[in-house]
Amino acid sequence: MRKIRQSKNNMANKTFVRQTNTGEPVRVGDLSIYPVARSYRINMPGVHGGIIWNRPVAVIVENSRGDRQELPVVDRTRQLQIAIFSAGLFGAFLTWLLFRKSRK
Amino acid sequence: MDKDIKEFGAAGEVDLHQTMDDINSTMVSFLETASVDKVYGAPIQVGSTTIIPTAENLVVMGFGAGAGSGRGDFQPDEEDAEPGEGTGEAGGGGGGGGGRTLSRPVAIVIASPEGVRVEPVADRTKVIMAAITAAGFVAGMFMRMSRGPKSF
């Protein structure tokens, strides 16, 4: 796949760059599937290198009539991690609150 | 001697230019990782169904290089020249770097004659690790609070 569209915000000398890229379509029957990915890039000033985080965002499905439908790519693992960590922090806060009240 | 220094300087510049070229080519390869084809895999055809795997990836990289050269300021016949100080010239250069790539499957795009759907992939190990960590938060707070107030 090759990049066919890029956001304009892709200057290499910026400290933080967010790009949304759309790939070439994959054709299945009369459907065209366009993959969409987003990348976050952190260029550290004065340092060669940096951090690049790429993740899928959605696929756009286009039929032969030209109707488009966007199907988001859900990161279930990330959602579960955030939910569990939040529950853990909330549980710890609740424990602290209950013990604090019982001491008074 | 001047001729020698000039030759050394030229050699040093060549090495440094070569190193900088290597760094630039590595940097270009690094920046190329921010593309769609690093996130969506090649379509896999299974009968009438097409499967497109998707993954997120994190690339961390850093590198640097440096070079320098110098020569002694003292002439051999100077009186205040200490032993070891003199006319010698030397130089050196070096570079280094490191990086890491982390990749994780996120979902699978399934295209069949019935339509297109996106099936998320849950990484069970990561979820279990998150649950253990979260339980650790609660257990740690419980143990800390059940010890009672500290007396000084």
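Positive end of the dipole of chain A, charges at C-beta (+1 Lys, Arg; -1 Asp, Glu), about the Cα centre: which of A:I33, A:T77, A:H48 has its Cα farthest in that direction?
It is A:H48, whose Cα lies furthest towards the positive end.
Sorted by packing (mean other beta-carbon atoms within 10 Å per residue), highest first, where do A:47-55, A:31-39 land? Let's see the in-between values first.
Numbers: A:47-55: 19.7, A:31-39: 21.6.
Going from most to least packed, we get A:31-39, A:47-55.
Once label points are set 7 Å from the Cα along Cα→Cβ at both B:T49 and A:N63, what is their separation, rounded to one decimal in nm?
2.1 nm
How tilted is helix A:76-103 with respect to the longest principal axis of chain A? Cα atoms for both, answer in degrees (0 to 90, nearest 10).
For helix A:76-103, the angle is close to 10 degrees.
Bear in mind that the values in this text are calculations on the coordinates, not laboratory data. Only a predicted model underlies this, so the values are computations on that prediction, with no experimental measurement involved. With ideal geometry, Cβ positions are generated from the backbone for all residues, glycine too; neighbour counts draw on all protein chains shown.
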